[in-house]
Amino acid sequence: MSLYEEIVSGKEKLSLVGLGYVGMPIAVAFAKKIKVVGFDLNTAKIELYKSGVDPTNEVGDEVIKATKVAFTADPSMLREAKFHIVAVPTPVNDDHTPDLTPVEGASRILGQNLTKGSIVVFESTVYPGVTEDICVPILEKESGLKCGVDFKIGYSPERINPGDKVHRLETITKIVSGMDEETLEEIAHVYELVVEAGVYRAASIKVAEAAKVIENSQRDINIAFMNELSIIFNKMGIDTKSVLEAAGTKWNFLKFQPGLVGGHCIGVDPYYLTYKAEQLGYHSQIILSGRRINDDMGKYVAETLVKNLIKADIPVKSAKVAILGFTFKENCPDTRNTKIIDIYNELKEYGITAQVTDDNADADEAKRLYGIEFTPMKSIKDCDAVILAVAHESYRSLEMADIDALYADRGKAKVLTDLKGILDKKAYTDAGYIYWRL
Ligand SMILES: NC(=O)c1ccc[n+]([C@@H]2O[C@H](COP(=O)([O-])OP(=O)(O)OC[C@H]3O[C@@H](n4cnc5c(N)ncnc54)[C@H](O)[C@@H]3O)[C@@H](O)[C@H]2O)c1
């Protein structure tokens, strides 16, 4: 009997190591078909899951309540499983080098609880070589087992898009890879249990690792190009969105938008690739210059707002500014690596302490990571300037009267930054706003 068959028959279990935005939905999806152990080091998170709360909003509380995943913070429970999926974070250090501590830590814990005949699949986004050159030696050392003989490995990058209810684990083609043909087939069959869109068998583990890291690098570079265009067109007094709409009528014009690049994927993953390239003696030209542009956009947005305050004849230092939205992307509670903080910090340099509101965001996380206390939306009033920073559904439905109500009546023009371009520029300009978007 193959491991896949044993898993399907209920004889063996699958485990998830790391139950965040990626790992938890995978665990929940598999638990509809097979036995799943869900392990995370974060005991508070495990308690939340056990009590039926989904802090990620990815599957919702009802699904968490109903799931059969055996949630645990006890690593020894991993011994009960033979097919392991690792989905721990892969952040960067302050100097933008990869921080492999969680991947190494997970490999250590898993190694200590690995049994013969297991398959370990890494899902964390890494540079090519991390699975085989860094994780495998740790797994071998901790388990005393030999990779390729006693256990097998694979890599399957995650492509989910938190907050996106269309592109989900089930509906996105999943790249799978394995250390040999037999392992690849086992891994493919296991994922086929939950991925309705099917799997793509990559030629090797390194190919699969590289594919993921370039998907996000490609997005990053394209967004950087849009941001550069936005800076150029702003100087020319041309509206970038209108230019992009016009250019977008050509069949092969790529549809990207300018914007802040935050979060822990697109703004981070390119650094994994450039780090490895650097180790091999190649200094990235394109990827890193794109990173620089994107990383500076928060500062640019704040500076433009200050110029617009001056244009409206509003004293900068005493200006009352509100930022609507703080998460790194729309309809998602995640504030980690949000670039809105760059706007906030840059405004502080000008003596402005902006009020921040975001009902979607994880308020405790924002307080813990940035020391920011949210102001409830209903208390946002008497503003000189408003930055509509995140395109949450709740902000998309705001009418001009709702926006008007946020401002003070001091006889000055209302300064509005519509970062994501979700409002009707003409309507606001006609209404006398100093309207600006990237
Ligand atoms: N969130 C996304 O949009 C997304 C999309 C595709 C790929 N990815 C990649 O997937 C990986 C996971 O991302 P995420 O967003 O789920 O991260 P996350 O921070 O939401 O979750 C990771 C979880 O791993 C746990 N953890 C950390 N170290 C651990 C260890 N040693 N043992 C057990 N648990 C441990 C953390 O407590 C946390 O709950 C990253 O490599 C990321 O780049 C993320």
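The values are calculated or read from the model by the stated rules, or taken from the named source; none is laboratory data. This is a predicted model, so every value here is computed, not measured. When we count neighbours, we look across all protein chains shown, and the Cβ atoms used for this are built from the backbone with ideal geometry, even at glycine. Just so you know, the surface numbers come from the protein's heavy atoms only, side chains and all, with ligands and any DNA or RNA stripped out. Shrake-Rupley method; radii C 1.70, N 1.55, O 1.52, S 1.80 Å.
Each residue of the stretch 182-192 was assigned a 3J(HN,Hα) from its phi angle through the Karplus expression (A = 6.51, B = -1.76, C = 1.60, θ = phi - 60°), giving 5, 5, 4, 5, 4, 5, 4, 5, 5, 5, 4 Hz with x at Gly and Pro. Which shape class, rounded, prolate or oblate, goes with the stretch 3-205 when its Cα gyration tensor gives a ≥ b ≥ c as root eigenvalues, a/c under 1.5 marks rounded, and past that a/b bigger than b/c marks prolate? Rounded is the answer for the stretch 3-205, as its axis ratio a/c remains below 1.5. Which residues' amide hydrogens lie under 5 Å from the amide hydrogen of Ser118, considering only partners 5 or more residues apart or on another chain, with H built in the peptide plane? Here Lys152 satisfy the definition. Rolling a 1.4 Å probe over the protein heavy atoms leaves Arg336 with an accessible area of roughly 80 Å². Computed over protein heavy atoms with a 1.4 angstrom probe, the accessible surface ordering of Lys116, Lys339, largest first, is Lys116, Lys339. Sequence-ordered 3J(HN,Hα) estimates for the stretch 100-111 from the Karplus curve with 6.51, -1.76 and 1.60 and θ = phi - 60° stand at 8, 3, x, 5, 5, x, 5, 5, 5, 4, 5, x Hz, glycine and proline given as x. With Rh defined as the Kirkwood radius, the inverse of the mean 1/r over Cα pairs, the Rg/Rh of the chain is 1.02.
For Val356, the amide hydrogen comes within under 5 Å of the amide hydrogens of Ile323, Thr375, counting only partners 5 or more places away or on other chains and with H modelled in the peptide plane. The residues Glu228, Glu196, sorted by heavy-atom accessible surface at 1.4 Å with ligands and nucleic acids left out, run Glu196, Glu228 from largest to smallest.
Probing with 1.4 Å while keeping every protein chain in the model, the per residue accessible area of the stretch 3-205 equals 40 Å². Each of Leu419, Gly129, Ser156 was scored by the projection of its Cα onto the charge dipole of the chain, and the greatest displacement toward the positive side belongs to Leu419; charges sit on the C-beta of Lys, Arg, Asp and Glu.
Any of Lys82/Lys116; Lys11/Lys116; Lys241/Lys420; Lys367/Lys414; Lys13/Lys165; Lys212/Lys276 with alpha carbons more than 19 Å apart? Name them for me.
Values: Lys82/Lys116 8 Å; Lys11/Lys116 15 Å; Lys241/Lys420 10 Å; Lys367/Lys414 29 Å; Lys13/Lys165 28 Å; Lys212/Lys276 15 Å.
Exceeds cut-off: Lys367/Lys414; Lys13/Lys165.
Between the amide H of Ile175 and those of Tyr200, distances stay under 5 Å, these residues lying 5 or more places away or on another chain, with hydrogens modeled in the peptide plane. Please work out the C-alpha center-to-center distance from the stretch 7-52 to the stretch 295-315 and express it in whole Å. Each part's Cα centre sits 46 Å from the other's.
The accessible-area ordering, largest first, of the residues His264, His392 stands as His264, His392, per a 1.4 angstrom probe. For Lys426, the aspartates and glutamates whose Cα comes closer than 16 Å to its Cα, not counting residues fewer than 8 places off in the same chain, are Asp239, Glu245, Glu399, Asp404, Asp418. The solvent-accessible area of Leu419, taken with every protein chain present and a 1.4 Å probe, is close to 10 Å².
List the chymotrypsin sites (Phe, Trp or Tyr not before Pro) within the stretch 266-311 that DSSP assigns to loop and that have no more than 12 neighbouring Cβ atoms inside 10 Å. Mind showing how you got there, number by number?
Values: sites: Tyr271, Tyr272, Tyr275, Tyr282, Tyr300; in loops: Tyr282.
Passing sites in the stretch 266-311 are Tyr282.
Shape of the stretch 34-101 from its Cα gyration tensor (a ≥ b ≥ c, root eigenvalues): rounded if a/c is under 1.5, otherwise prolate when a/b > b/c, or oblate? The shape class here is oblate. Name the most mobile residue of Thr249, Thr72, Thr417, meaning the one with the largest mean-square fluctuation, in a Gaussian network model of the chain with Cα contacts below 10 Å. Comparing Thr249, Thr72, Thr417 in a Gaussian network model of the chain, the most mobile one is Thr249.
Residue-wise HN-Hα couplings along the stretch 194-211, as the Karplus relation 6.51 cos²θ - 1.76 cosθ + 1.60 with θ = phi - 60° gives them from phi, are 10, 8, 5, 6, x, 10, 10, 8, 6, 5, 7, 4, 5, 4, 5, 4, 5, 4 Hz; Gly and Pro carry x. When the surface is traced with a 1.4 Å probe over the full set of protein chains, Arg410 keeps roughly 130 Å² accessible. Rounded to the nearest 10 degrees, what's the angle between the helix 340-349 long axis and the longest principal axis of the chain, both from Cα atoms, 0 to 90? The angle comes out near 40 degrees.
For the stretch 360-438, relative contact order (Cα pairs under 8 Å, six or more residues apart, normalised by length) works out to 28 percent. Take each peptide in 17-24, 60-67, count the other Cβ atoms within 10 Å of every residue, and average; sorted highest first, the result is 17-24, 60-67. Quick one: dipole size for the chain, taken about the Cα centre, charges +1 on Lys/Arg Cβ and -1 on Asp/Glu Cβ, in debye to the nearest 20. Taking the Cα centre of the chain as origin, the dipole is about 600 debye. Relative to the longest principal axis of the Cα atoms of the chain, the long axis of helix 269-279 lies at roughly 70 degrees.
Comparing Cα centroids, the stretch 207-280 and the stretch 342-377 end up 26 angstrom apart.
Classify the stretch 142-272 as rounded, prolate or oblate, taking a ≥ b ≥ c as the square roots of the eigenvalues of its Cα gyration tensor: rounded when a/c is under 1.5, otherwise prolate if a/b is larger than b/c and oblate if not. Prolate, since a/c reaches 1.5 and a/b exceeds b/c.
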